[in-house]
Amino acid sequence: MEGMSRQFLCGCPYVIAAEQKARVTYDNLLRLVDDPDVCAPLKFLRQREIVHYQRFGEALREVQDNLDYKNFYGYNPEFDKRK
């Protein structure tokens, strides 16, 4: 599982950046479009990107808070002990 945390920490900032880029793209499209039938789906997609950004940020914070920094690259026996 430690390897998964490390992969998440390495990949999550790129996912967060992609979510923000998509949101900006939807914002730009909404500035250009006046048709309500086009705006409604764009607003939905924009809101979805915002929620994804928030959830990835929360997940990243959770992993960072629960990571054992003293044993980052090795096996962490404390990880398997459930409280």
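The values are calculated or read from the model by the stated rules, or taken from the named source; none is laboratory data. Computed from a prediction, not measured in an experiment: that's the story for all the values here. A quick note on method: Cβ atoms are made from the backbone with ideal geometry, for glycine too, and the neighbour counts reach across all protein chains shown.
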For segment 29-45, pairs from a residue that is closer than 15 Å to Glu19 by Cα and modelled with pLDDT of 95 or more to a residue that is β-branched (Val, Ile, Thr) and surrounded by 10 or more Cβ atoms within 10 Å (Cβ to Cβ), with Cβ under 8 Å and 6 or more apart or across chains, are Leu42/Val33
Tabulated pairs, segment 49-60, first under 14 Å from Lys21 (Cα atoms) and surrounded by 14 or more Cβ atoms within 10 Å (Cβ to Cβ), second at pLDDT 85 or above and of a type in the set (Phe, Trp, Tyr), C-beta under 9 angstrom, 6+ apart or interchain: Glu49/Tyr26
Answer with yes or no whether Ala17 is exposed (fewer than 13 other Cβ atoms within 10 Å of the Cβ), at pLDDT below 95 and under 18 Å from the mean Cα position of the chain (by Cα). yes
